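**Student:** Starting off with a structure, shown below.
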Amino acid sequence: MTIRRTHIIGAGIAGLSAALAVTAEGGEAVLYEAAPQPGGRCRTLRNGDGFVHDNGTHVLFTANGCALDLLKAIGARERWVEPEPKGLPLYDGRTGETRRVGLSPWSWLFPSRRPQGLALSDLGRILRLVFTAKNCPVAAIIGNRPIMESLIEPLTVAVLNTPTSRASSQRLACALRRLILPGAGRLLVARNGLSQDLIEPAVATLQARGASVLTGQRLRMLLTSQERVIGLALTDRTVMLGPDDRVILALPPYEVERLLPGLPVPKTFEPILNVHYRIRGFERPRFIGFTGTLAQWALVRSDHVSVTVSAADQVVDLNASDVAARIWREIAPALRLLGLEASIDRQPETRVVKEKRATIRQAAETLPQPPLRPLQNLALAGDWIGSLPATIESAVMAGEHAASILRHARCSRPSLSRDRSLKTEDAA
């Protein structure tokens, strides 16, 4: 009997999702990851000094059905908890005040959960954004309203990692249409960390199904013949494919372009800057948002605080120590209000993580998109493919979709019409 094996390049969320989809159907999967550990951007960083932290403050919403289904499949759903069930604390760096804001419009029925400055006329603007027919910058719909700073701007940079002056209204609307459903706006974080509560359970599930995860293996070249992949030239080996083998490239767009020159892919990116402060926190995670400060979010864990600056183009090239010091001065009062021993004058041990190409720039324009199956036995996966926001949810969906495309692929030459991209309305 001929073994039909799927070779998956990249063990980030999209690659792991694809492998789980393949093995769930009884298929055989091998993952190749260039980094020393799987997970891509969703991983825990461990250095020799014992300071362990995630690379960023990744979150999920209860609206993210595909991601939650993946967590259930790997036995990790209970590890993702709601840090702020009473509403998200939002600290205003100019006034020093903190108020709780509901992320679901249904919670705004309670005055204590409404975003600051929300007026009746703003509800019409939000509805136009949620059901926008024309793709335009988010700021063009909301305008210079108080609701922009207290809700729309933080939400936009969190979901799209793109400033509201550029961010695609249609991409944001994909997420907002799910968040307006009752119970869909609850925010979830990994209780112990991304590796322990997501990546390691996924790898363990794959290994239990007979899949292999090979780290330190960068794909140098695709060996092709007659519109098919026939071999993979990796770091220290060349893997020749069988006649029924398939390949999924779960890689960022610049890596796909390197391997398959000529494919249209997005070429502009937005950075994210994360700062981690080693400070005694709480046994259970806490999450807080900021306005009027450089940082937008902070995740408080038992032994550190992780702070995120999304759409960080203006600060990512600045001196890391200077940026970390400024952020600490701005957030220390908010941390004290939470109950932490945080002094402006005593900055704790700090580590800065800069991701200069964290996501594609999700602007209000037509982005270059490749065919999902550029070769007969090869499909693409990644959070950057299609018209959905580039999130964990879209990465999971893209991995599953790539596995489905190859499972049902014909042996004829692929076409854009048959191998459709992800539909906007599939978004969660």
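The values are calculated or read from the model by the stated rules, or taken from the named source; none is laboratory data. Every value quoted in this text rests on a predicted model; they were computed, and no experiment measured them. Positions of Cβ are backbone-derived with ideal geometry, glycine not excepted, and every protein chain shown enters the neighbour counts. What goes into the accessible areas is simple: the full protein's heavy atoms, side chains included, and nothing from ligands, DNA or RNA. Shrake-Rupley method; radii C 1.70, N 1.55, O 1.52, S 1.80 Å.
**Student:** Anything in segment 321-369 that is in a loop (DSSP other than H, G, I, E, B), open to solvent by less than 50 Å² (accessible area, probe 1.4 Å) and within 14 Å of Y277 (Cα to Cα)? List them, or say none.
**Tutor:** L340, A342, P348
**Student:** Just checking, how many residues over segment 275-290 are assigned to a strand (DSSP E or B), farther than 18 Å from A325 by Cα and not basic (K, R)?
**Tutor:** Looking only at that region, the number is 3.
**Student:** Does L214 count as surrounded by fewer than 17 Cβ atoms within 10 Å (Cβ to Cβ), within 25 Å of P374 (Cβ to Cβ), modelled with pLDDT of 95 or more and not hydroxyl-bearing (S, T, Y)?
**Tutor:** When the stated conditions are applied, L214 passes them.
**Student:** Among the residues of segment 55-64, is any surrounded by 23 or more Cβ atoms within 10 Å (Cβ to Cβ), within 17 Å of the chain's Cα centre (by Cα), modelled with pLDDT under 95 and closer than 30 Å to L234 by Cα?
**Tutor:** Yes, some residue in segment 55-64 is surrounded by 23 or more Cβ atoms within 10 Å (Cβ to Cβ), within 17 Å of the chain's Cα centre (by Cα), modelled with pLDDT under 95 and closer than 30 Å to L234 by Cα.
**Student:** Restricting to segment 109-130, name every residue that is part of a loop (DSSP other than H, G, I, E, B) and farther than 18 Å from F290 by Cα.
**Tutor:** Answer for segment 109-130, where residues must be part of a loop (DSSP other than H, G, I, E, B) and farther than 18 Å from F290 by Cα: F110, A119.
**Student:** Select from segment 208-244 the residues that are under 18 Å from A379 (Cα atoms), free of Cβ contacts under 8 Å to residues at least 60 places away in the same chain and hydroxyl-bearing (S, T, Y) and list them in ascending order.
**Tutor:** Listed by number, the list holds a single entry, S225.
**Student:** Where the second residue is among the acidic types (D, E) and buried (at least 23 other Cβ atoms within 10 Å of the Cβ) and the first is within 11 Å of A364 (Cα to Cα) and lies in segment 153-166, which pairs have Cβ atoms under 8 Å and are six or more apart or on separate chains?
**Tutor:** Here the result reads T162/E270, each pair linking segment 153-166 to a residue that is among the acidic types (D, E) and buried (at least 23 other Cβ atoms within 10 Å of the Cβ).
**Student:** So which pairs qualify, if the first residue must be in segment 111-126 and among the aliphatic types (A, V, I, L, M), the second must be assigned to a helix (DSSP H, G or I) and at pLDDT 90 or above, the Cβ gap must be under 6 Å, and the two must be at least 6 apart or on different chains?
**Tutor:** From residues that are among the aliphatic types (A, V, I, L, M), the pairs are L118/I147.
Residues checked against (1) in a helix (DSSP H, G or I); (2) open to solvent by 80 Å² or more (accessible area, probe 1.4 Å); (3) modelled with pLDDT of 95 or more:
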site	(1), (2), (3)
G50	no, no, no
G75	no, no, yes
Y91	no, no, yes
R99	no, yes, no
S107	yes, no, no
T132	no, no, no
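**Student:** Something else about it: Identify, please: which residue in segment 1-26 is at pLDDT below 95 and β-branched (V, I, T) and is, among those, nearest to S212 (Cα to Cα)?
**Tutor:** I3
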